[in-house]
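The values are calculated or read from the model by the stated rules, or taken from the named source; none is laboratory data. Just so you know, these numbers come straight off a predicted model, no measurement behind them. Quick reminder, even Gly has a Cβ in these numbers, built from the backbone with ideal geometry, and neighbours come from all protein chains shown. Quick note on the areas: whole protein, heavy atoms, side chains included, nothing else; ligands and nucleic acids left out. Shrake-Rupley method; radii C 1.70, N 1.55, O 1.52, S 1.80 Å.
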Amino acid sequence: MAIPRLRHAVRTLFEVPAALRPLSRACSTFHAFTDVLRLPKRQMTKLVFPLRELERQLTPDSRLDLHVKIFDPSLEDISKAEAVFTATSRNRISYLSSAVRLDHAPDLPSPEVCFIGRSNVGKSSLIKALFSLAPEVEVRVSKKPGHTKKMNFFKVGKYFTLVDMPGYGYRAPEDFVDMVETYLKERRNLMRTFLLVDSVVGIQKTDSIAIEMCEEFALPYVMVLTKIDKSSKGHLLKQVLQIQKFVDRETQGCFPQLFPVSSVTYSGIHLLRCFIANITGNLD
Ligand SMILES: Nc1nc2c(ncn2[C@@H]2O[C@H](COP(=O)(O)OP(=O)(O)O)[C@@H](O)[C@H]2O)c(=O)[nH]1
Ligand SMILES: [Mg+2]
């Protein structure tokens with residue numbers, strides 16, 4: 001009697017709960033755009049263009065509030081951009097080095113993009129998701145906040161460099177402001193700064209400091225809204241509209257279109273890859 005019960009217990013232990021099944025399938029399958037293209041249209045739109053899915057919930061007259069089509073690439077362009085992020089023998093994608101000061105940063109001629117945001121906002125997870133087609137790249141994702149205390153440089157073939165910046169806010173390194181400020185102000189090949197905001201809680205006080213920094217240095221930056229899988233549709237829409245209003249009214253250098261993403265379901269990841277490939281001049 002005990003053995004069948006034990007067997008059942010073991011089986012239950014390794015079973016994916018029904019509620020998580022679509023998620024686990026999403027994680028294992030949708031890294032590659034060819035798999036995404038096989039999805040039913042509605043599901044594909046939701047995964048590739050999460051902002052459009054949110055827009056559907058708005059009444060026609062308030063749809064203009066969300067700028068969903070400023071960057072509106074074709075599926076073919078999104079496919080093309082994927083090659084940039086796919087590791088091959090001719091396109092080596094790898095961790096390059098870490099630095100605590102700008103004069104220790106690698107001196108490369110290629111365009112650069114950086115990711116900044118509060119500790120725990122999901123920077124490393126997002127970078128890991130962007131690099132899921134180069135699984136050998138090691139991006140450390142911590143359970144504890146404040147893990148990334150250095151600027152971590154990743155080389156994406158001959159195309160561009162991507163920098164994971166240390167998180168600000170809780171447990172930020174003391175010299176964070178000096179490090180990040182100097183980098184943002186002086187890095188000559190910096191093409192775009194991606195400023196991550198947690199979509200669950202919206203713009204926090206510490207986020208405003210980073211926004212002010214970007215504004216003061218007149219940097220072109222883009223707001224990426226992380227962890228969209230964590231909220232209900234209603235809550236997410238409310239947050240997105242609030243952030244959009246803030247961007248429209250209070251910022252000069254921020255790209256008007258928001259980029260909602262989830263590093264768990266891969267929602268928005270393919271579009272963001274395409275945007276990065278585009279602004280670094282690698283989509284032609
Ligand atoms: N549900 C969910 N959790 C996430 C997502 N992105 C990150 N996380 C979790 O948030 C925590 C902080 O993530 P991490 O990438 O280390 O943040 P960082 O400090 O900004 O680099 C980790 O426990 C992640 O698993 C996401 O898109 N969805
Ligand atoms: Mg990190």
Exercise for the section: Heads up, I need the accessible area for MET191: 1.4 angstrom probe, whole protein in place, Å², nearest 10. Expected result: 80
Problem - Per-pair calculated FRET efficiency, R0 = 41 Å: ASN189 and GLU76 via Cβ, rounded to 0.05 - result: 0.90
Problem - Segment GLU215-ASP103, length gained on full extension (0.36 nm per residue, minus Cα span) - result: 38.0 nm
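Ranked by accessible surface with a 1.4 Å probe, highest first, in what order do LYS233, LYS155 come?
Numbers: LYS233 105, LYS155 65 Å².
Correct descending sequence by accessible area is LYS233, LYS155.
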Handout entry: With all protein chains modelled, accessible area of GLU76 [1.4 Å, Å²]
Key = 130
Fill in the blank from the handout: Note, the range 227-234: 3J(HN,Hα) by Karplus (6.51, -1.76, 1.60, θ = phi - 60°), whole Hz, Gly/Pro = x, goes 6, 5, 6, 7, 9, 6, 3, x
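Tell me the Kirkwood radius of the range 25-95: reciprocal of the mean inverse pair distance over distinct alpha-carbon atoms, in Å.
With all distinct Cα pairs of the range 25-95 included, I get 14.3 Å.
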Fill in the blank from the handout: Percent of all alpha-carbon pairs of the range 39-197 at distances over 21 Å, whole number, is 54
Practice task
Quick one: give the max-minus-min coordinate of the C-alpha atoms of the range 145-284 along each principal axis, largest first, in Å.
Solution key: 40, 40, 30
Exercise for the section: Under 14 Å from the Cβ of ASN91, count the other residues' Cβ atoms, weight Lys and Arg +1, Asp and Glu -1, and hand me the total. Expected result: +4
Completion exercise
Using alpha carbon centers only, the range 43-71 is separated from the range 248-263 by a whole-angstrom value of 14
Completion exercise
Cα-based Rg/(2.2 N^0.38 Å) for the range 183-262, rounded to two decimals, is 1.10
Handout entry: Carbon plus sulfur fraction of accessible area for the range 189-284, probe 1.4 Å, in percent
Key = 50
Practice task
Note down the relative contact order for the range 79-165 as a percent, whole number, built from C-alpha pairs under 8 angstrom at least six residues apart.
Solution key: 45
Fill in the blank from the handout: With all protein chains in place and a 1.4 Å probe, ARG56 shows an accessible area in Å² (nearest 10) of 130
